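All remarks here apply to the structure that follows.
The values are calculated or read from the model by the stated rules, or taken from the named source; none is laboratory data. This structure is a prediction, so every number in the text was calculated from the model and none was measured. Cβ placement follows ideal geometry from the backbone for every residue including glycine, while neighbour counts extend to all protein chains displayed.
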């Protein structure tokens, strides 16, 4: 337990055992995912799954710091190598392919918590819907330039109550440290959730503009017409993750 001696006074031995016996799926090993993976592994999460089909490019290293020295390597594989070097207590499972409507349910079923770190709305909606159908906690974050948001969805309301359909994606502009900040916030929410300490951002979105240090706490209310919270959606269908990701097929 020497590895965890600085956090055990906060979460207790029981909390540490909960972390070591838990499993977390991280979808995306980019800017957000780098911080999430690093700090969850350091905290002693027992099993970490990592989903990413992309390979490491030099332009990634401005924010995706766990991939240093691994140009051309698959990001999930690179992240797994980082975790094994950092903490041998952690089992790592890699998924070196794209998460899609055909495989998402099979993958997330094996994990206690799902952390969304993708760079597009399609995967965010896919994770939300799959987590709702399987009763999995979904820890969300998104970043752009100096801004970002983080929230936790533990059932109703869901992410679609906050954002029913996908807006147009922003460009890829981002200050690297901003991705790190929000990835750290995601990792902290996961640790709180599993260890059972503190107040998680359940049904809330915390938005921060780091250029002005303005914090906005948004209470997400369940939308009456939400096709997910209403129970109308009975499965994951590819038609629902095209275009603006509006739910078009329910069963």
Q. Of (1) in contact with a helix residue (DSSP H, G or I) (Cβ under 7 Å, 6 or more places away or on another chain); (2) under 22 Å from residue 198 (Cα atoms); (3) not in a loop (DSSP other than H, G, I, E, B), residue 92 satisfies all except one. Which?
A. (2)
**Q.** In the stretch 131-148, the residues that are buried (at least 19 other Cβ atoms within 10 Å of the Cβ) and either in contact with a strand residue (DSSP E or B) (Cβ under 7 Å, 6 or more places away or on another chain) or over 18 Å from residue 104 (Cβ atoms) (or both)
**A.** 131, 136, 137, 138, 139, 140, 141, 142, 143, 147, 148
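Would you check if residue 199 is surrounded by fewer than 17 Cβ atoms within 10 Å (Cβ to Cβ) and closer than 16 Å to residue 137 by Cα? It would help to see each step written out before you state the result.
On the way: surrounded by fewer than 17 Cβ atoms within 10 Å (Cβ to Cβ): yes; closer than 16 Å to residue 137 by Cα: yes.
Criteria met by residue 199.
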(Q) Return the residues of the stretch 195-230 that are at positive phi and either at pLDDT below 95 or under 21 Å from the mean Cα position of the chain (by Cα) (or both); say none if nothing qualifies. (A) 196, 198, 203
Q. Out of (1) within 20 Å of residue 183 (Cα to Cα); (2) touching a helix residue (DSSP H, G or I) at 6+ places or on another chain (Cβ under 6 Å); (3) in a loop (DSSP other than H, G, I, E, B), the odd one out for residue 82 is which?
A. (3)
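Quick grid of which residues meet (1) in contact with a helix residue (DSSP H, G or I) (Cβ under 9 Å, 6 or more places away or on another chain); (2) in a helix (DSSP H, G or I):
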{"site": "29", "(1), (2)": "yes, no"}
{"site": "33", "(1), (2)": "yes, yes"}
{"site": "38", "(1), (2)": "yes, yes"}
{"site": "60", "(1), (2)": "yes, yes"}
{"site": "106", "(1), (2)": "no, yes"}
Q) Quick check, is residue 109 within 18 Å of residue 47 (Cβ to Cβ) and touching a residue at least 24 places away in the same chain (Cβ under 8 Å)? A) yes
Q | Residue in the stretch 15-27 that is surrounded by the fewest Cβ atoms within 10 Å (Cβ to Cβ), counting only those that are part of a helix (DSSP H, G or I) and in contact (Cβ under 8 Å) with a residue 24 or more places away in the chain | A | 20
